[in-house]
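Asker: Once you've had a glance at the structure underneath, I'll fire off some questions.
Read-outs throughout are calculated quantities, based only on the coordinates presented, and are distinct from any laboratory measurement. Bear in mind that the values here come from a model prediction, so they are computed numbers and not experimental data. Every residue, glycine among them, receives a Cβ derived from its backbone with ideal geometry; neighbour counts consider all protein chains shown.
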Amino acid sequence: MALPSLEGPANKEQAKKNRKIFYEANKAKLIQMAFDYGVSEDELLNVIEKETGGSFSPAQKNFKGGGARGLIQFLAPEGKDSKIVGGKEYKISDIEKMSDSEQLDVVDAYFKDALKNSGIKEFQKGELGLDVAAPAFVGKS
C-alpha cells in the first residue's frame, strides 16, 4: 500500500502514523533487509522517514526541488535520467511510480551494492543513513 507523497515534511503525528502503516505493509521485507545489513528495523525506518520527510511514499519528491525521488531519494548522476542499482538501470521517473514493495527491492539492491563497494559485511550503527547522504564515507573510520 503506497502512501501519498507530500508537499512538505509530515508533522510528528502523521509521520508516526505513516511509519506504522508502511511497516505493517512491508514488515517481512523490512525485517529481512535489516538482518542482512546488520542494523535494526528502526534504523532502516529512520532513514526512510528522514528521506521521505515522514511520508514513507515511494513517489516522494525532494522538498528542495531537486531531482531525487523515492524512499531513499534516488538521484540520477548529473546529466542523466537513470541510475544503475544492483546492475540494473532504473529511470528515476519509473522508480517514483513503483509500489512500496517494488521500490524496497531497489533500496535493498542499493544497500547491498554499498556493502559490496565498501568491502564491509554489515553497516555499523548510523552508517545506513550515511550511505544515503555520503556513501564514500561508509566503512571508513
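Asker: Between their Cα atoms, which of Lys12/Lys88; Lys83/Lys116; Lys80/Lys121 are more than 27 Å away from each other?
Answerer: Beyond 27 Å between Cα atoms: Lys12/Lys88; Lys80/Lys121.
Asker: Which of Asn62, Asn46, Asn117 moves most in a GNM of the chain, Cα contacts under 10 Å?
Answerer: Asn117
Asker: Could you tell me the distance between the Cα centroids of the stretch 7-56 and the stretch 83-141, to the nearest Å?
Answerer: That distance is 15 Å.
Asker: For the chain, set up a Gaussian network in which alpha carbons nearer than 10 Å are linked by springs, and say which option among Ala28, Ala76, Ala59 fluctuates the most.
Answerer: Comparing Ala28, Ala76, Ala59 in the GNM, the peak value goes to Ala28.
Asker: Okay, next question. Only sites in a loop by DSSP and with at most 12 other Cβ atoms within 10 Å count here; which GluC sites (Glu not before Pro) in the stretch 5-42 make the cut?
Answerer: Sparse-neighbourhood loop GluC sites (Glu not before Pro): Glu7.
Asker: A further question on this structure: Under the √(5λ) rule applied to the eigenvalues of the Cα gyration tensor, what semi-axes describe the equivalent ellipsoid of the stretch 68-141? Give them in Å, descending.
Answerer: 22, 13, 11
Asker: So how compact is the chain: Cα radius of gyration and Dmax in angstrom?
Answerer: Taking only Cα atoms of the chain, I get Rg and Dmax of 14.1, 39 Å.
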